[in-house]
1. Would you confirm, using the coordinates I've provided, whether B:ALA256 is modelled with pLDDT of 85 or more, surrounded by 11 or more Cβ atoms within 10 Å (Cβ to Cβ) and out of contact with any Phe, Trp or Tyr (no Cβ under 9 Å at 6 or more places or on another chain)?
2. Looking only at the range A:201-232, count how many residues are touching a Phe, Trp or Tyr at 6+ places or on another chain (Cβ under 9 Å) and assigned to a loop (DSSP other than H, G, I, E, B).
3. Of the residues that make up the range A:278-300, is at least one surrounded by 17 or more Cβ atoms within 10 Å (Cβ to Cβ) and within 14 Å of chain B (Cβ to nearest Cβ)?
4. Do any residues in the range A:187-216 that are farther than 24 Å from A:VAL22 by Cα have Cβ atoms under 8 Å from those of residues that are surrounded by 11 or more Cβ atoms within 10 Å (Cβ to Cβ) and charged (D, E, K, R), where the two are at least six apart or on different chains, and which pairs are they?
5. Where residues in the range A:195-232 are over 23 Å from the mean Cα position of the chain (by Cα) and away from chain B (no Cβ under 14 Å), which of them is surrounded by the fewest Cβ atoms within 10 Å (Cβ to Cβ)?
6. Going by what's in this entry, would B:THR378 be described as out of contact with any Lys or Arg (no Cβ under 8 Å at 6 or more places or on another chain) and farther than 17 Å from B:GLY347 by Cα?
7. Can you say whether B:GLU386 is closer than 24 Å to B:THR331 by Cα, over 60 Å from the mean Cα position of the chain (by Cα) and of a type in the set (Asp, Glu), as far as the supplied structure shows?
8. One residue is enough: does the range A:109-124 have a residue meeting the conditions touching a helix residue (DSSP H, G or I) at 6+ places or on another chain (Cβ under 8 Å), within 20 Å of A:PRO206 (Cα to Cα) and among the hydrophobic types (A, V, I, L, M, F, W, C)?
Amino acid sequence: MNESQFEATFDRLRKEIARVIVGQEDLVTGLLVGLFARGHVLLEGAPGLGKTLVARSLASVSGCSFKRIQFTPDLMPSDVTGSSIYDKERAAFTFIPGPVFGQILLSDEINRAPAKTQSSLLEAMQERQVTVDGTARALPLPFMVIATQNPVESQGTYPLPEAQLDRFLFKLTVPDPPRDVEIGIVKNHAAGFDPTHLDLNASTNPDEILAMQQFAQGVRVDDQIVAYVVDLVRRTREDRAIELGASPRASIAMMKAAQVVAASQGRNFVTPDDVKPTAKPVMRHRVMLHPDAQLQGLTPDDRIDEMLKAVPVPRL
Amino acid sequence: AATLRALDRKGALQIARDRTNGEYVRACQDEAAKITLKELVREVDRVQFGALGTEPDRVRTLGQRAAAIVRAVLPLALLVLLACGGMDTRKLRVPTGNPTGSEVFERVMTAQGVRLGRPPKPLGLLEKPGPDTPPILVDFGRVPLDEDTEKHLVQWVREGGTLIAVDQPHRWPKELRPSTAVGGEDVTVQQSDAAKLEGRLLPGLAFGLESKGTVVATTGNEAFAVLRTYGSGQVLGLATGDLMTNIGISVPGNAAVLVAILGTVNPRTIDVASEEDGTTPPSNPFIALSRAGLGLGLWHALAATAILFLAVGIRATKPIPDRPARRRAFTEHVGAVGALYARARLGHVAVAALGRLLELRARARAPRTQDVASWLATRVGRDPEEVRALLHKAELARKDTVPIGDETKTLEELSSLYAAMEKTS
């Protein structure tokens, strides 16, 4: 695997998904970056914007197995991880794997399930394994969790704790489509598009994805870039509008994401242009605004924009 | 950096410290320059963040294109990386990672037995040069001179100093300038018929052959380095300072060319002026304020002070009127009341009041068993009957509603009696 091959495959995946997902280039790119950075992605957007569709499309084009969990308040951890069932014929317990054993796992409306069920994903996301009845079971690789949540409803929801939010490489916001894009979507449906039967070609396979993940990990990160990333993250801890800043895990996440971005552009080294676009997706869910700032209507994205302007870019 | 600055001046983009090279490319409004800028950025990123070498031909091509952008805006020296054509990438090992630094130049000169130092004083305070005074190297692109310093430097050269002037001649002191022209790429130093040293530079500004002095090195048909006399001193001028940068001197041949050029002034030591040497420290606070742009304010302050001084002086010389005499308010009050009584024809009221006051005061002092009039008469040495008659008259005046006519006389008698009593108390 080299940078040209990486770029070509990345581009191919993006174009293939674009046949189904119209006008969400940033979202699609973010998901692909998350996949190759070995990260998990949290999608936040109003219902009906195609979050589930994009996850299924990604699974289709990547050749990976796809599982979906609809989180509800009564969902139990064993519904996620699987459980042991007594088999009368064999007179023994048989482990029935849960949906977490899919390579692309869509956790729909993750904030509707109680913390106990949410935490069952913690080990899976971090260790790529689950422990059921004392036995650790490895998850298939590559493994990626795409979680969704609705920003509007607050009744009957369980906000994700910081520890779990920190496990997500990216938080991507799914905006409302512009008028021309929405026209395109409706026209597609009018032409007979069926979201339940996606006509997508698998443009890669799990082995190639693993090779690309390995390659991305080896993309060169100069000391100046590391310093730039660290300076950006440290700003969140010094900002007066932010009560809780991002941890060093955010620095690592930004670096990994920048490596994938660089490789997707056919380079084997990271530049500041690769770092900047990852700043908001990496940090927006890892910072907690001061209540005063929230009352003033500030958002984490606003503060991150200010930090990007304040931190000088490394230059020759 | 020079290309970005040139495009910024042209208004094609805006330099900001938070902007990445890619953002500059996307924001560039000059479509023609955008293509060059994009390729330039790619090469810079490869070197800076990829620690990769560059291809010589590619750098030369890019350098020429970048030079066109810079020359189209201002005749500035170029980004050093692009100023090197035909370089051997294996030798591209910049010691400190700063291609525009001068560490390699220092090492080369030290190896030649030439010590590089700093001028002993700012250029505006240099003492008269002697036979052992080392040459001073001034890169006029990096060391801006103020007016006084420039004059002093010219005088210093005239008196026998040796100046190594580097950078575009339009930046030099006027008296020392040669003419200029655009030159070629190859720098040639003809030391003798047999020994010809060659180096390579990007096209830059060089001197015209009409320049005064001896041509020491040429680029193509144009002079690159010229040595001329000025007064008792001499000036060795180089068209650009690229040869002295790390990346410039690293090109094969350039080090020898530079040593040969500088060798024309036979230096044992070269004092290299830095940025702060170009400004003479002010000799008094007024000059410091004037340089800080507060000259006009200073004059205003002095004028205001003079006006204030005059105003105070004028006020101080005005005559001060005498202070009015101190007056006893009570005396005035009594006089005023008396005048009121007289005008209102109430003299009898005054008699009654004064008589009453006299009686009360006397009664307070007289023993209880003694008659007031007798006591008072004894006290002041008057006839008791007379005193009694006077007090009786005052008592009657209380009851009378019309004056009799002798109130003034009576008042005088009562007043005299009162004063006598007070005197004896």
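1. When the stated conditions are applied, B:ALA256 does not pass them.
2. 3
3. Yes, the range A:278-300 contains at least one residue that is surrounded by 17 or more Cβ atoms within 10 Å (Cβ to Cβ) and within 14 Å of chain B (Cβ to nearest Cβ).
4. Taking only residues 6 or more apart or on different chains, the pairs are A:GLN213/A:ARG38; A:PHE215/A:GLU3; A:ALA216/A:LYS256.
5. A:HIS197
6. Yes.
7. no
8. yes
The values are calculated or read from the model by the stated rules, or taken from the named source; none is laboratory data. For clarity, every value in this text was computed on a predicted model and none was experimentally measured. In this analysis, Cβ positions are derived from the backbone assuming ideal geometry, glycine residues included, and neighbour counts consider all displayed protein chains.
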